[in-house]
Amino acid sequence: MTIFEYMFRNAELIATRSLEHLFIATSALLLSMLVAIPLGIFLTRRESLAKFILGLGNIIMTIPSLALLAFMLPILGIGNKPAIAALFLYALMPIMRNTYTGIKQVQPSLIEAAKGMGMTDFQILSGIELPLAISVILAGIRTTYVILIGWATLAAFIGGGGLGQLIWAGLTNINYNLILSGAIPAAGLALLSDLVLGQLEYKLTPRGIRKSIKRKELA
Amino acid sequence: MVTFENVTKIYPGGVTAVKDMNLNIAKGELVVLIGPSGCGKTSSLKMINRLIEPSSGKIIVNGIDTQKLDGVELRRRIGYVIQDIALFPHKNVAGNIATVPRLKKWHSERIQARVDELLTMVDMDPALFRNRYPSELSGGQQQRIGVLRALAAEPEVLLMDEPFGALDPITREQLQDELKRLRQKVKKTIVFVTHDMDEALKLGDRIVLMKEGRIVQVDTPEGILREPANDFVRSFIGEKRLIRQPDKVMVHEVMLTNPTCIEADKGLHQGLELMREESVDSLLIVDELQGFLGVVEVQTIQLNLTQRKSLGEIMSSWPRVLEKDSVKEVVKLMVAGDLRFVPVVDEKNHIKGIVTRASVVNFVLDYMS
């Protein structure tokens with residue numbers, strides 16, 4: 001029995017796990033955007049705080065992912081909640097940093113011109129800074145999402161479900177087909193989301209700067 | 001239209017950028033603020049639209065104390081052009097020009113009509129340029145749009161902060177000419193900052209020369225060139241640009257040094273020999289202390305060559321001028337006596353040099369170029 005036959009036969013199970021998987025990664029991403037983008041914008045207005053907060057974010061990034069998941073267990077119990085919480089924390093930093101640098105790289109003379117013509121602070125942010133930073137912010141979101149899809153496989157270890165559960169079950173039973181029917185869709189989802197978000201990034205980048213932008217990817 | 005009343009700006013840290021400035025700019029006037037960097041010209045400009053807040057004093061624009069207006073409201077009434085051009089790269093030409101009209105919530109038809117009107121004014125075909133992005137324009141075109149953007153909402157006053165400083169010399173000249181033409185069509189009050197004296201002289205109705213936060217001189221270009229207030233102004237303008245009356249140019253600036261001199265007791269043949277050596281047709285005759293006595297021309301020597309005479313005996317008396325006499329004086333002498341040259345002496349009658357017709361012409365040519 002080839003792997004494809006195996007996957008076809010278990011399509012329903014794989015689909016369920018894939019949806020669980022996407023749910024974990026996507027909720028973590030959305031929650032993270034909700035916090036990290038405003039925070040990143042706020043930091044561009046509070047330079048003194050920026051160093052401290054961005055440093056703190058870097059520390060979170062150094063905690064091994066599995067360890068972070070384990071930390072969440074006593075607080076949030078078993079299930080997808082601790083998984084979402086852990087991935088949320090991971091996503092904060094790259095999104096926040098890209099928002100911050102995206103806005104910071106807008107030429108100061110543009111801000112001065114905007115202010116000099118009578119734009120309010122909010123109009124400068126929404127009309128000038130965000131449109132010019134959007135490609136950098138979206139690049140951060142895209143890369144983060146791809147990483148989250150990869151890390152979401154670890155959710156299975158704390159009973160969070162997702163494609164990791166198939167891989168985990170396959171590993172314990174030494175069933176390669178089972179491992180692959182978790183791993184292949186996970187990789188596929190990562191590639192697909194990269195492609196879709198890449199298109200979105202292009203569409204949302206204002207036409208006038210599409211040619212000139214240099215993509216600022218995450219390290 | 002714009003009035004500075006005892007305006008002072010002290011930056012945090014104690015640097016005084018502008019000290020007790022008083023200036024009255026009339027409606028429709030183009031006033032250039034100029035001076036070396038750090039003289040306070042840009043600070044003064046930015047205090048008008050309150051991008052910089054004055055530490056004390058008042059600035060009145062169109063009869064209203066700027067401190068009594070909301071900063072945002074004030075800036076929408078005042079056009080602003082900066083050196084970096086700073087067109088918004090994500091907006092097309094029309095979008096950039098429409099910035100302030102949109103902030104003022106004009107109707108879209110009115111905005112579109114205004115955009116086309118402005119583009120036509122600088123000979124840029126609206127159909128061709130309206131939808132272009134700044135990255136698709138040349139530097140000169142970009143700054144044209146920058147100026148149009150500032151003019152879009154019919155501001156009462158236009159502030160221009162070294163607007164053409166980043167352009168190449170040819171484009172800069174073109175835009176200066178265009179600004180002059182534009183001013184004939186729309187008579188705007190303009191405050192213009194530059195560090196380029198040629199630009200100031202070309203564009204300004206009046207020039208405000210600043211140094212270390214203070215106004216040194218305010219005058220028309222003509223007035224500044226004719227009567228610079230002090231040495232600083234003179235050096236800032238540059239000696240070459242100064243308009244100098246002929247009676248203010250002194251002889252020593254025009255004279256040639258090292259004229260050919262010979263002592264009076266020398267013989268005629270010696271004189272002829274010296275003329276040949278130096279390729280001159282006249283000699284200045286001096287006593288043993290280099291005091292000027294007279295002139296011998298080659299014809300006179302030839303007439304007397306058969307006789308045994310000294311140069312002193314055949315020389316003719318000749319007018320002379322002092323080093324600190326004016327050139328006007330010399331020219332008068334030359335014209336009156338039909339002289340080809342006039343020797344220059346000091347108070348002790350010692351030869352210092354000679355003014356020839358050629359040296360006067362050379363000086364004038366030098367000065368004019």
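The values are calculated or read from the model by the stated rules, or taken from the named source; none is laboratory data. What you are looking at is a predicted structure, and each value in this text was computed from that prediction instead of being measured. Neighbour counts are summed over all protein chains in view; Cβ atoms, including those assigned to glycine, are modelled from backbone coordinates with ideal geometry. These accessible areas exclude ligands, DNA and RNA; they are computed on the full protein's heavy atoms, side chains included. Shrake-Rupley method; radii C 1.70, N 1.55, O 1.52, S 1.80 Å.
Among the residues making up segment B:66-107, those that are in contact (Cβ under 8 Å) with a residue 24 or more places away in the chain and assigned to a helix (DSSP H, G or I) are B:74, B:75, B:76, B:77, B:93, B:94, B:96, B:97, B:99, B:100, B:101, B:103. Considering only residues in segment B:110-149 that are within 20 Å of residue A:132 (Cα to Cα) and of a type in the set (Ser, Thr, Tyr), the one that is least open to solvent (accessible area, probe 1.4 Å) turns out to be B:133.
Among the numbered conditions (1) of a type outside the set (A, V, I, L, M, F, W, C); (2) open to solvent by less than 10 Å² (accessible area, probe 1.4 Å); (3) more than 7 Å from chain A (Cβ to nearest Cβ), the only one that residue B:107 does not meet is (2).
Residue B:310 - would you say it is over 26 Å from residue B:253 (Cβ atoms), more than 37 Å from the chain's Cα centre (by Cα) and of a type in the set (Gly, Ala, Ser)? So residue B:310 passes the test.
Evaluating residue A:99 against the criteria (1) of a type in the set (Ser, Thr, Tyr); (2) touching a Pro at 6+ places or on another chain (Cβ under 9 Å); (3) under 25 Å from residue A:158 (Cβ atoms) leaves one unmet condition, (3). Close contacts from segment A:112-129, counting a first residue that is farther than 16 Å from residue B:149 by Cα and in contact (Cβ under 8 Å) with a residue 60 or more places away in the chain and a second that is surrounded by fewer than 18 Cβ atoms within 10 Å (Cβ to Cβ) and among the hydroxyl-bearing types (Ser, Thr, Tyr), with Cβ to Cβ under 9 Å and a gap of 6+ residues or different chains, come to none at all. Look at segment A:204-217: where a residue is polar (S, T, N, Q) and modelled with pLDDT of 50 or more and a partner is in a helix (DSSP H, G or I) and surrounded by 11 or more Cβ atoms within 10 Å (Cβ to Cβ), sitting 6+ places away or on another chain with Cβ atoms under 8 Å, you get A:205/A:134; A:205/A:135; A:205/A:138; A:212/B:135.
Restricting attention to segment A:87-118, the residues being crowded, with 22+ Cβ neighbours inside 10 Å, facing another protein chain (nearest Cβ under 7 Å) and assigned to a helix (DSSP H, G or I) number 2. Of the residues making up segment B:174-214, those that are surrounded by 22 or more Cβ atoms within 10 Å (Cβ to Cβ), hydrophobic (A, V, I, L, M, F, W, C) and within 30 Å of residue B:55 (Cα to Cα) are B:190, B:191, B:192, B:193, B:200, B:207, B:208, B:209, B:210. Selection of first residues in segment B:178-205 that are assigned by TED's automatic domain parsing to the domain that holds residue B:47 and more than 14 Å from residue B:164 (Cβ to Cβ) and of second residues that are open to solvent by 60 Å² or more (accessible area, probe 1.4 Å) and not in a helix (DSSP H, G or I), restricted to Cβ pairs under 8 Å at least 6 apart or on distinct chains, gives the following pairs, ordered by first then second residue: B:189/B:27. Can you find, within segment B:51-90, the residue that is most open to solvent (accessible area, probe 1.4 Å) among those that are closer than 16 Å to residue B:9 by Cβ and within 10 Å of chain A (Cβ to nearest Cβ)? That would be B:51. Taken together, the criteria place residue B:54 among residues that are touching a helix residue (DSSP H, G or I) at 6+ places or on another chain (Cβ under 8 Å), on the phi < 0 side of the Ramachandran plot and not in a strand (DSSP E or B).
Of these, B:144, B:181, B:149, which one is assigned to a helix (DSSP H, G or I) and either touching a helix residue (DSSP H, G or I) at 6+ places or on another chain (Cβ under 6 Å) or within 13 Å of another protein chain (Cβ to nearest Cβ) (or both)? Just one listed residue meets the conditions, B:149. Checked against the criterion of being facing chain A (nearest Cβ under 10 Å), open to solvent by less than 10 Å² (accessible area, probe 1.4 Å) and of a type in the set (A, V, I, L, M), segment B:155-165 contains one or more residues that satisfy it.
Let's see how each residue does on (1) open to solvent by less than 60 Å² (accessible area, probe 1.4 Å); (2) at positive phi; (3) without any contact (Cβ under 8 Å) to a residue 60 or more places away in the chain:
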position	(1), (2), (3)
B:253	no, no, no
B:258	no, yes, no
B:269	no, no, yes
B:272	yes, no, yes
B:284	yes, no, no
B:290	no, yes, no
B:300	yes, no, yes
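Might you check whether a residue that is touching a residue at least 40 places away in the same chain (Cβ under 8 Å) and among the charged types (D, E, K, R) occurs anywhere in segment A:20-35? The answer is yes; a qualifying residue exists. Where helices (runs of 4 or more DSSP H) fall entirely within segment A:119-200, those with at least 2 residues that are open to solvent by less than 50 Å² (accessible area, probe 1.4 Å) and either under 30 Å from residue A:109 (Cβ atoms) or not aliphatic (A, V, I, L, M) (or both) are at A:130-151, A:164-172. Just to verify a result, which residue in segment A:1-59, among those that are buried (at least 16 other Cβ atoms within 10 Å of the Cβ) and of a type in the set (Phe, Trp, Tyr), is farthest from residue A:87 (Cα to Cα)? Step by step, filter segment A:1-59, then rank; the result is A:6.
Does residue A:84 satisfy the condition of being in a helix (DSSP H, G or I) and surrounded by fewer than 21 Cβ atoms within 10 Å (Cβ to Cβ)? Taking the combined requirement at face value, the residue does not satisfy it. For beta carbons closer than 6 Å, sequence separation of 6+ or different chains, a first residue in segment B:310-330 that is more than 27 Å from residue B:363 (Cβ to Cβ) and a second that is among the acidic types (Asp, Glu) and surrounded by fewer than 17 Cβ atoms within 10 Å (Cβ to Cβ), the qualifying pairs are B:310/B:265.
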